Amino acid sequence: MNLEEFKNLIKYVVKNARFLKDKYTNQKDAPVSYAAIFCQNDQEYEKFSKLVNLIGTPINNTQSGYDYKIEPIETISGPLKILKVRKPDKTRLERGDADFNVDNYEKFKKKHLNLPGFKLIIRPDDEMIELMETGADVRVYFSHPYVNIRLDIK
């Protein structure tokens, strides 16, 4: 895979996450703030890690891989500036995920949490709502605070 194909994979993940978001929410104009590519094996992780280093710099090391500040990639949901290349994980068989900034997180949470496919994930410094659909090859997240705010990327 070359760099252009890698960027197209990123755009594919954001596009499909947007379609899933739009199917289940009224947040049609929510901008993307973050995306992750789920590597399916160690070779893919190595290859994608090399490619992302051509367009970005690591800003956060997590257990699942580095978050990178990247040269903005224009997507269907606005410019993407933060990307994770996620280490292979048997619980992440999809192609990736995208995180969107919703208008009013608390109101959004109250409206969507009891609906099928939505799940609240609480962590020490943040929380997020996960949206999954059986058979979809992406996941969607809505984080609070927004990932770009938490990582101080404008």
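Each reported figure results from applying straightforward, stated rules to the coordinates on display, with no laboratory input. A quick note: this is a predicted structure, and the numbers were derived from the prediction, not measured. All Cβ positions, glycine included, derive from the backbone under ideal geometry; neighbour counts span all protein chains shown.
Which of the residues belonging to the range 109-145 are within 22 Å of SER77 (Cβ to Cβ) and among the aliphatic types (A, V, I, L, M)? Listed by number, the residues that qualify are LEU115, ILE121, MET128, ILE129, LEU131, MET132, ALA136, VAL138, VAL140. The residues listed here are ASP67, ASP99; of these, the one that is in a strand (DSSP E or B), charged (D, E, K, R) and out of contact with any Lys or Arg (no Cβ under 9 Å at 6 or more places or on another chain) is ASP99.
Return the residues of the range 85-132 that are among the acidic types (Asp, Glu) and touching a Phe, Trp or Tyr at 6+ places or on another chain (Cβ under 8 Å); say none if nothing qualifies.
ASP89, GLU94, ASP97, ASP99, GLU130 - these are the residues of the range 85-132 that are among the acidic types (Asp, Glu) and touching a Phe, Trp or Tyr at 6+ places or on another chain (Cβ under 8 Å).
Give the residues of the range 43-92 that are under 14 Å from the mean Cα position of the chain (by Cα), under 22 Å from GLU133 (Cβ atoms) and in contact (Cβ under 8 Å) with a residue 40 or more places away in the chain, sorted by residue number. Within the range 43-92, THR75, ILE76, SER77, LEU80, LYS84, ARG86, ARG92 meet the criteria.
On the given criteria, is ILE37 touching a residue at least 40 places away in the same chain (Cβ under 8 Å), surrounded by fewer than 19 Cβ atoms within 10 Å (Cβ to Cβ) and either of a type in the set (A, V, I, L, M) or in a loop (DSSP other than H, G, I, E, B) (or both)? The answer is no for ILE37.
Among the residues of the range 52-71, count how many are crowded, with 19+ Cβ neighbours inside 10 Å and farther than 14 Å from GLY96 by Cα.
Going through the range 52-71 one residue at a time, the tally reaches 5.
Among the residues making up the range 20-34, those that are touching a residue at least 24 places away in the same chain (Cβ under 8 Å) and assigned to a helix (DSSP H, G or I) are LEU20, LYS21, LYS23, TYR24. Looking at GLY56, GLY135, GLY117, just one residue is closer than 16 Å to ASP22 by Cα and of a type in the set (Gly, Ala, Ser), and that residue is GLY117. When the test is whether a residue is under 27 Å from LYS109 (Cβ atoms) and in a strand (DSSP E or B), ALA17 does not pass it.
Restrict the check to the range 88-104 and report whether at least one residue is exposed (fewer than 14 other Cβ atoms within 10 Å of the Cβ) and within 19 Å of LYS21 (Cβ to Cβ). Yes, there is a match, as at least one residue in the range 88-104 is exposed (fewer than 14 other Cβ atoms within 10 Å of the Cβ) and within 19 Å of LYS21 (Cβ to Cβ). Filtering the range 108-143 to residues that are more than 24 Å from TYR12 (Cα to Cα) and either assigned to a strand (DSSP E or B) or touching a residue at least 12 places away in the same chain (Cβ under 8 Å) (or both) leaves PHE108, LYS109, HIS112, LEU113, LEU115, LEU120, ILE121, ILE122, ASP125, ASP126, GLU127.
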